[in-house]
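The values are calculated or read from the model by the stated rules, or taken from the named source; none is laboratory data. The structure presented is a predicted model; accordingly, all values stated were derived computationally and were not measured. Here Cβ is always computed from backbone atoms with ideal geometry, including for glycine, and neighbour counts include all displayed protein chains. Keep in mind that these areas ignore ligands, DNA and RNA; they rest on the heavy atoms of the full protein, side chains included. Shrake-Rupley method; radii C 1.70, N 1.55, O 1.52, S 1.80 Å.
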Amino acid sequence: MVLPRFLYRLPRPVAKPYPLIPKTYTLSPNFSLPPYQDQNSSPGSTNNVENPVGFPPAALLLLRFHNTPGCHRSIHDNSANTQVSSNTTDQNTDLISARISETSEKLCKILSNHHTLSSLDSALNSAKVEVCPTLSISVLKKLSNAGILALSFFRWAEKQKGFKHTTESYNALIEALGKIKQFKMVWNLVSEMKQRNLLTKETFGLISRRYSRARKVKEAIEAFETMEKFGLTLELSDFNRLIDTLSKSRNVERAHQVFDKWKNRKFKPDIKSYTILLEGWGKEQNLLRLDEVYREMRDDGFEPDVVTYGIMINAFCKAKKFDEAIRMFREMETKNVNPTPHVYCTLINGLGAEKRLTEAVKFFELSKASGFVPEAPTYNALVGCYCWSQRMYDAHKVVDEMRKCGVGPNSRTYDIILHHLVKNGRTKQAYSVFEKMSDDCEPSVSTYEIIVRMFRDEERLDMAVRVWDRMKEKGVLPGMHMYSTLINSLCHENKLDDACKYFQEMLDMGIRPPAPMFSNLKQALLDDGRNDTVLILGQKLEKLRKTPLVG
């Protein structure tokens, strides 16, 4: 599970030395990294703050202070006794985030281990947790791949004394239910939000996105148009969001059709409208259509800005047209359009993947020379460059510098290193890195998936299951692909009882299994003469597909 970006910026204790790296070494000549300037930001606010996880009184007071509308201090206020130092603020914010994360993991464990409504409610009640909006949102986001469990928690939470769901918690549930295509329940929630005056345009944007990713483009557009029926006024930003949603869901052709149909009729496009289409065609590596949109944009009087250039450079990198990407970068410079860290990161990633390491490092150095303090994504791009060139020693050096500068490493950093170690057959080292990464950060669901797949490929199913169990203990819930990996492996090893157990668990979480995986399980059961089990599982799957949720 990817952590919110602000969590990577929170102050960290002094990190332990990287377990696999010698303490003294040097990188390539002239390689140097600047000191990190800390920039802290606090988590999203809420107006309904309780004490759900035993915060100290000072931390709770701080949280209430931040979340009370209009409750801020004037810089001219002389009441020194109520001033809080920035260090205290940072420490309390850290504590609050940690406690929320710890409690949400605890609740997710309970939810994943109880599959009947009565036992679930009883188990949640016995946890003796007072729910606040921040905690509720944290749990729902962790359950984004388990729509049924998310709905169960949501309904339990709203029955707790003094608690009311916010727009953000409704949206988090809609996201989870949309992933399992429970759109009837989604629209029931929209009606609830309307009654409680919680409905926003963001809600309809989420619904359109889930429809679009489910290849229901017609319904995605209708959800967009439905906003007006709920009293919301459509604006250019909403139009841009729709074509962006369609483009990012691999429906860029349909997005372009909508753009052409409504251009100068319903909306007058701005430069963002064009850059959305540029990004869509770039991801499809359709450079012909990319050039058409670019020319149309300029004909309509829009000169490319830094976002446009970044998208064009990314498109050329994806198409392995690196010389064109660099030419576009040089054009930016001649037109005095200053590149952003994202532009540098794109070039570092692209050139590194092509093993053009020297050029990639030059762009990293150029980024620093431009005045940017490298952030985690830029460092991760450089880590990837060295990994692609199988220079793991230098990759680890960059990781060590990340620690010194306070910008990581994060789970994405480890995913990059683990991917390349596994790819190069260095599985023992990969597992050692995985075992010790919690000194820096917790593994994400993608990290666990890398290790589970690694053990599957090595036919070490016992270790795959051990890693899986650890993941569940941490409150990290697997998605469809991870279940498919494990169930297919169990079928291959003829451990059909376990395969059926995980298949049932998958259904209980509301995750629809992909057809090839179910076909594989079904055939294995038939070969074992377990026709009745095939029939039962088929009926359960059909029920999940056809029965809308009620709640």
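Values for this structure:
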{"quantity": "Condition check for Ala220: part of a helix (DSSP H, G or I), open to solvent by less than 10 Å² (accessible area, probe 1.4 Å) and under 28 Å from Leu95 (Cβ atoms)", "calculated": "no"}
{"quantity": "So Lys283, is it outside the structural domain of Val252 (by the TED database), on the phi < 0 side of the Ramachandran plot, surrounded by fewer than 22 Cβ atoms within 10 Å (Cβ to Cβ) and in contact with a Lys or Arg (Cβ under 8 Å, 6 or more places away or on another chain)", "calculated": "no"}
{"quantity": "Filtered residue count, region 400-432, keeping only those that are farther than 17 Å from Tyr379 by Cα and surrounded by 19 or more Cβ atoms within 10 Å (Cβ to Cβ)", "calculated": "4"}
{"quantity": "Subset of region 103-133 that is modelled with pLDDT under 80 and hydroxyl-bearing (Ser, Thr, Tyr) - its residue that is farthest from Val476 (Cα to Cα)", "calculated": "Ser118"}
{"quantity": "Hey, Leu507 at pLDDT below 95, farther than 17 Å from His419 by Cα and part of a loop (DSSP other than H, G, I, E, B) or not", "calculated": "no"}
{"quantity": "Enumeration of residues in region 352-385 that are crowded, with 21+ Cβ neighbours inside 10 Å, touching a residue at least 24 places away in the same chain (Cβ under 8 Å) and more than 25 Å from the chain's Cα centre (by Cα)", "calculated": "Ala360, Val361, Ser367"}
{"quantity": "Scan of region 510-541 for residues that are at pLDDT below 90 and polar (S, T, N, Q), ordered by number", "calculated": "Gln539"}
{"quantity": "Residue satisfying condition, being buried (at least 20 other Cβ atoms within 10 Å of the Cβ) and either touching a helix residue (DSSP H, G or I) at 6+ places or on another chain (Cβ under 9 Å) or among the small types (Gly, Ala, Ser) (or both), within set Leu198, Leu149", "calculated": "Leu149"}
{"quantity": "Enumeration of residues in region 128-143 that are open to solvent by less than 10 Å² (accessible area, probe 1.4 Å) and in contact (Cβ under 8 Å) with a residue 40 or more places away in the chain", "calculated": "Val131, Cys132, Pro133, Leu135, Leu143"}
{"quantity": "Residue tally, condition of a type in the set (Val, Ile, Thr) and within 20 Å of the chain's Cα centre (by Cα), over region 433-478", "calculated": "6"}
{"quantity": "Counted residues, region 174-194 - those being more than 24 Å from the chain's Cα centre (by Cα) and polar (S, T, N, Q)", "calculated": "2"}
{"quantity": "Residue check, Ser191 out of contact with any Cys (no Cβ under 9 Å at 6 or more places or on another chain), open to solvent by less than 50 Å² (accessible area, probe 1.4 Å), closer than 26 Å to Lys543 by Cβ and modelled with pLDDT under 95", "calculated": "no"}
{"quantity": "Selection count, region 317-347, where residues are without any contact (Cβ under 8 Å) to a residue 24 or more places away in the chain and open to solvent by less than 20 Å² (accessible area, probe 1.4 Å)", "calculated": "2"}
{"quantity": "Residue satisfying all of: in region 479-529; among the small types (Gly, Ala, Ser) and in contact (Cβ under 8 Å) with a residue 60 or more places away in the chain; nearest to Ser444 (Cα to Cα) among these", "calculated": "Gly479"}
{"quantity": "Residue selected from region 80-102 under the condition modelled with pLDDT of 70 or more and hydroxyl-bearing (Ser, Thr, Tyr), by the criterion surrounded by the most Cβ atoms within 10 Å (Cβ to Cβ)", "calculated": "Thr93"}
{"quantity": "Residue check for Ile313: in contact with a Cys (Cβ under 9 Å, 6 or more places away or on another chain) and surrounded by 21 or more Cβ atoms within 10 Å (Cβ to Cβ)", "calculated": "no"}
{"quantity": "Inter-residue pairs, beta-carbon under 7 Å, first in contact (Cβ under 8 Å) with a residue 60 or more places away in the chain and in region 388-411, second assigned to a helix (DSSP H, G or I) and polar (S, T, N, Q), 6+ apart", "calculated": "Val399/Thr413; Ser411/Thr447"}
{"quantity": "Lone qualifier among Ser119, Ser208 - being assigned by the TED database to the domain that holds Thr245, polar (S, T, N, Q) and in a helix (DSSP H, G or I)", "calculated": "Ser208"}
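This table checks each residue for (1) in a loop (DSSP other than H, G, I, E, B); (2) aromatic (Phe, Trp, Tyr); (3) over 22 Å from Arg215 (Cβ atoms).
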| site | (1), (2), (3) |
| --- | --- |
| Arg155 | no, no, yes |
| Tyr170 | no, yes, yes |
| Glu175 | no, no, no |
| Gly178 | no, no, no |
| Lys181 | yes, no, no |
| Lys184 | no, no, no |
| Val190 | no, no, no |
